Amino acid sequence: MTLASEEIAEEDEKPDTPRRRRWRRIRRIGYWSFGLLVGVPLIAFWVAYLVLDVRSPQEVLAGLDKTVVLQYSDGSSLLKVIPADGDRTFVPYTQVPAKLRDAIIATEDPTFWDNQGFDPTGIGRAFLTGVGGGSGITQQYIKKSTGDDDASLGRKFAELVLSTKITQEQTKEQIFESYVNIISFGRGTFGPAAAMNAYFGKKLDDSMTWSEAAFLAGMIQSPSVHDPAASGDAHAARRWQYVHDKLVARRYVPAGEPMAYPGGEIQAPSETRAGRVTYDEFHIKQQVLAELEQDGFPLGRLQQGNMTVETTLDRGMQDAAKKALRDRLKGEPKEFRGAVVAVDPKTGAVRVYQGGDQGVRDYASTPHAAGSAFYPFTVAAALHRGYGPDVPVPAPEEQEFLGEKFKYPDVCGVKCTPRTAMRAHADGPFVALARKLGPEALSDAARQAGIPETVDGTPTMRERDGFLIGPGIAIGRYPLRPLDMAGAYATFANDGVRTTPHLVAKVRDESGAVVWEHTDTARPAFDDDEDESRRVAQDVSGTLTDGGGAALRTGEAEHGSSPDNQDAWAIGYTPRLAAAVWVGSDDDRLLKDANGAKLTGDVVPEDIWRGFMTAAHQSVPARKITVAPPPVVRPPR
């Protein structure tokens, strides 16, 4: 008998005490628990492996010929996203230019040729946070082919199973071929041949340049956002540079290879050139699709499901904004451009989105220098730190802030307060407040009101390095979007409760069932204490109204150090509606109106704002803005 067997026999001969029985139970529980933890997932994986399957790219492309309908908030038809003929051309792997293959792999999945088809990091993130992400090319193909884009653990598990299965059944070349033919490059295209034609008007072949390849590869992540027709050349160039840097870092392209963003070669969208949609409809479509992409509903998923999108837009208000903008700009210099955005303060629903009808550039989502329209955020920062709206703010004509000298004439008097400075359109007191509060306080107040931290991945209200705040924040030099300005002013209209501006209310499948709906995000903006946040907002409103039914701030942004202006704003609100109007140009030039006077917010933009708001409130009279009672003077914090 061995020593081990002797020990076991000796153990068995020991009396069966309660302690021994307890430990036996604990061991049994441990064995069962281990078996369940290991066995159940393995069985689930095996069953899923047998049951689940991946559709071929041809099957996926055949399902992308369905029309997606966009509706106004009342259910009436807004526009239709109709697939164009020839936008689903299948391209064999051998006909995909090597430069494009390299650019896509460098950007989307640098380990594609070596990995097993899935990304453990992305799966771990989904398990810990419930948020998807980190998918490589194989997983992206699974996601697009199944039409399941939900950020969930269940979807990640299915991706893992199918990625393993397809990697065992197909070569990497076959997987890439399937993937590249069903992904959207934007503008309603699927596959590289359609994309090359849509953006560059060229046939897909080996004459493709590295610059063109980098541009197309950059579209894949979020085509409705990265298209220069939607977000402008500045944003598209940043995305192009990102792909360029990946190509160089991963040694697909030598560091000295001459490459440049191909902005001059990119065509306008075919649907606007063919007249299938107007420019302002195109802007709405792009903004809605970009929002849906962020919510897990890319165009391919919408088309496969034959879905209908109910937007938040009000048909009557949209028409009123278009008319007010068109009528007032008629007769002004031809370089004048304009945008109007209106938001429901209670819900964040965008009721009007008018990006202009002069071209593919969407002025409602293009950042423009806020200028003195930024000053209400300065006031909010001061109020939150104990400064009252009627406390004098000494402001000498010449001041220095963060190393820059500002010189403004005294138009408000020695006892100028934030309230009187706002009404006198004085600049000096707000520079003085910026000096007292510091740049972070101004930035924080604007973010609390609703200015997002980033737009398309670029930090707002920051210098080029993305971190530092420069002296220009004192006078609103940083560019902000009309969409965000309307949403931030809506926080003042809503007594300090912030909501998220959004254009999509619901998504319905072909049976009419709601498959996605916007959830309420309302919360106090300026302080966790709802009463304190309300006080700040009402005090700001008190500086913007003369006791009438609406609060209004007009402002303008200077052109560099010139006394003339390049951007002008009129932003205001009633309890029912907050609206932002911007007027400027394409190239930040000095602007004078038809009468030869320099552009200011209280002329052309205010005329547009008043014309629109009057029409928008015809059926429902505007209630008066609530302002705070006379403040109790507190020592500044």
query = Taking the alpha carbon gyration tensor of region 389-546, what are the square roots of 5 times its eigenvalues, largest first, to the nearest whole Å?
reply = 35, 20, 12
query = Can you give the direction-averaged projected area of the convex hull of the alpha-carbon atoms in region 400-444, in nm²?
reply = 3.4
remark   = With T = 37 °C, eta = 0.692 mPa s and Kirkwood Rh from C-alpha pairs, the Stokes-Einstein D of region 497-562 in µm²/s is about 206
note = Shape call for region 318-616, from the Cα gyration tensor axes a ≥ b ≥ c (a/c under 1.5 means rounded, otherwise prolate when a/b beats b/c, else oblate), comes out oblate
query = Kirkwood Rh, region 383-479, all Cα pairs: how many Å?
reply = 14.2
inquiry  = Under 5 Å between amide hydrogens, which residues at least 5 positions from S585 or on another chain qualify, with H placed 1.01 Å from N in the peptide plane?
reply    = R337
task = Over region 214-321, consider all pairs of different Cα atoms and compute the Kirkwood hydrodynamic radius from their mean reciprocal separation; express it in Å, one decimal.
result = 16.0
message = Viscosity 1.306 mPa s, temperature 10 °C: give me the Stokes-Einstein translational D for region 479-529 in µm²/s, with Rh taken as the Kirkwood radius over C-alpha pairs.
response = 123
remark   = Shape call for region 498-609, from the Cα gyration tensor axes a ≥ b ≥ c (a/c under 1.5 means rounded, otherwise prolate when a/b beats b/c, else oblate), comes out oblate
note = For region 428-443, Karplus-derived ³J(HN,Hα) couplings (6.51, -1.76, 1.60; θ = phi - 60°; whole Hz; x for glycine and proline) come out as x, x, 7, 5, 4, 5, 4, 5, 6, 8, x, x, 4, 5, 5, 4
key: Radius ratio Rg over Rh of region 175-228, counting only Cα atoms, Kirkwood formula for Rh   = 0.93
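We did not get these values from a lab; they are worked out from the coordinates using the rules stated. These figures come from a predicted structure and were not determined experimentally.
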